[in-house]
Amino acid sequence: MDLDIQCEEMNPSRWAELLSTMKSCSTIRLDDCNLSSSNCKDLSSIIHTNPSLKELKLNNNELGDAGIDYLSKGLLTPSCSLQKLWLQNCNLTSASCETLRSVLSAQPSLTELHVGDNKLGTAGVKVLCQGLMNPNCKLQKLQLEYCELTADIVEALNAALQAKPTLKELSLSNNTLGDTAVKQLCRGLVEASCDLELLHLENCGITSDSCRDISAVLSNKPSLLNLAVGDNKIGDAGLALLCQGLLHPNCKIQKLWLWDCDLTSASCKDLSRVFSTKETLLEVSLIDNNLRDSGMEMLCQALKDPKAHLQELWVRECGLTAACCKAVSSVLSVNKHLQVLHIGENKLGNAGVEILCEGLLHPDCNIHSLWLGNCDITAACCATLANVMVTKQNLIELDLSYNTLEDEGVMKLCEAVRNPNCKIQQLILYDIFWGPEVNDELKALEEARPDVKIIS
């Protein structure tokens, strides 16, 4: 049995009721429930007395260091078999790290620790790394985003990586590491025996200077499936270096996040080679890069290659216009692998979206999720979009937020949702204004199609 509660204030009677339920749960999630250190006393007892408990999520609660002390009393008992512990944004400091070090050292069942968005600092995480190096520790996933880490942490992390072959995922995003530290980390990863599958280094102060070393990780670690380096100013020169690693035969990357990396259309030539040759690559985010129509057209040409198996492409806010829509539509009509396309925040206009719909209506198009928010669409385009909704039964998610659809356009979408051939599960309409008649129709739709979620 699982307990999954979010954003609920806990009064004493409700808490007592839940404690009884928790005694037999395998997963407990209590995110954003205004819990404090006093609740941790009870949770410690649950951990101690419920050997079936495998996952505990307590994100976004003011537990503090005192709360972790209480939790540790249960976590350190021999009967504890917890595998996953989430403590993100729980007001922890470096003082909690000694307690968590003890847990890591003593609890071989623990395979995931998520402590991001806490002010642990470099000194605190160095203590955590001591726990990682203990032979009893079998941790596979460590999440340290927003932990106020600096370049000085890398030596301790590399020592832990050398000692911990079980580690599969390491997330260090949103820490001020800089190029020198990232280079050192990458050299450590190349030498380490661990088969790392996920490496997240978003917003870490990386420039093109680090990209040769990141590329070396890609070419030397066939285990690496997920790389996120978004929100770093690597530029076209850095991307060219990354592509050398991505194109290496050893590289088996599946997910690549490069959002807001100061890329231009010049990068699309290198990316096109990756798209058309790396059959393992399934998901790419290029959000907020100035690719322009010329860059998008190059990517589309690559996506028409039979070796391109990409399933998700995120190109939101990339300076695209209707001029690239013929190329995108062509991809939609021939590429059966592509299932998710985020192309919002681009000035496609009605003309561009009409062209996209030609590809969407092709029998070979397999798009499940389409995001067209803030694309300068008006009601004039909604009849075509409604036709897509009714005709393409694999389309289950459509985002049209921040477009001036007006009552006329929204009513056409509602008519499509009422059609039994429409298989849309989620229609997203944020910041679209409509009158009382449309409001009544949306309420009626909630009753007629309870399987459809209309988000506004």
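So which of Asp209, Asp231 is among the acidic types (Asp, Glu), touching a helix residue (DSSP H, G or I) at 6+ places or on another chain (Cβ under 9 Å) and open to solvent by 30 Å² or more (accessible area, probe 1.4 Å)? Working first, answer last.
Values: Asp231 fails: touching a helix residue (DSSP H, G or I) at 6+ places or on another chain (Cβ under 9 Å).
None of the others qualify; the one that does is Asp209.
Taking first residues from the stretch 43-71 that are under 16 Å from Ser94 (Cα atoms) and partners that are in a loop (DSSP other than H, G, I, E, B) and open to solvent by 10 Å² or more (accessible area, probe 1.4 Å), the Cβ contacts under 7 Å between residues at least 6 apart in sequence or on separate chains come to Glu62/Ser36; Glu62/Asn91; Leu63/Ser36; Leu63/Asn91; Gly64/Asn91; Gly67/Ser36. Residue count for the stretch 342-381 under the criterion of being of a type in the set (A, V, I, L, M, F, W, C) and either assigned to a loop (DSSP other than H, G, I, E, B) or on the phi > 0 side of the Ramachandran plot (or both): the result is 8. The residues on offer are Ile377, Ile424, and the sole one that is in contact with a helix residue (DSSP H, G or I) (Cβ under 8 Å, 6 or more places away or on another chain), within 23 Å of Ala351 (Cβ to Cβ), surrounded by 19 or more Cβ atoms within 10 Å (Cβ to Cβ) and modelled with pLDDT of 95 or more is Ile377.
Scanning the stretch 216-225 for residues that are open to solvent by less than 10 Å² (accessible area, probe 1.4 Å) and either in contact with a His (Cβ under 8 Å, 6 or more places away or on another chain) or without any contact (Cβ under 8 Å) to a residue 24 or more places away in the chain (or both) yields one hit, Leu218. Considered as a group, the residues in the stretch 58-73 that are over 15 Å from Leu104 (Cβ atoms) and assigned to a helix (DSSP H, G or I) include one that is most open to solvent (accessible area, probe 1.4 Å), and that residue is Lys73.
Condition check ((1) within 30 Å of Asn34 (Cβ to Cβ); (2) assigned by the TED database to the domain that holds Ser72; (3) open to solvent by less than 20 Å² (accessible area, probe 1.4 Å); (4) touching a residue at least 40 places away in the same chain (Cβ under 8 Å)) across all residues:
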residue	(1), (2), (3), (4)
Cys90	yes, yes, yes, no
Leu113	yes, yes, yes, no
Ser171	yes, no, yes, yes
Val182	no, no, yes, no
Arg187	no, no, no, no
Ser193	no, no, no, no
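Among the residues of the stretch 278-291, are any more than 16 Å from Gly230 (Cβ to Cβ) and in a helix (DSSP H, G or I)? No, the stretch 278-291 has no match at all.
The values are calculated or read from the model by the stated rules, or taken from the named source; none is laboratory data. Computed from a predicted structure; not experimentally measured. Don't worry about glycine lacking a Cβ; one is built from the backbone with ideal geometry, like all the others, and counts go over all protein chains shown. Quick note on the areas: whole protein, heavy atoms, side chains included, nothing else; ligands and nucleic acids left out. Shrake-Rupley method; radii C 1.70, N 1.55, O 1.52, S 1.80 Å.
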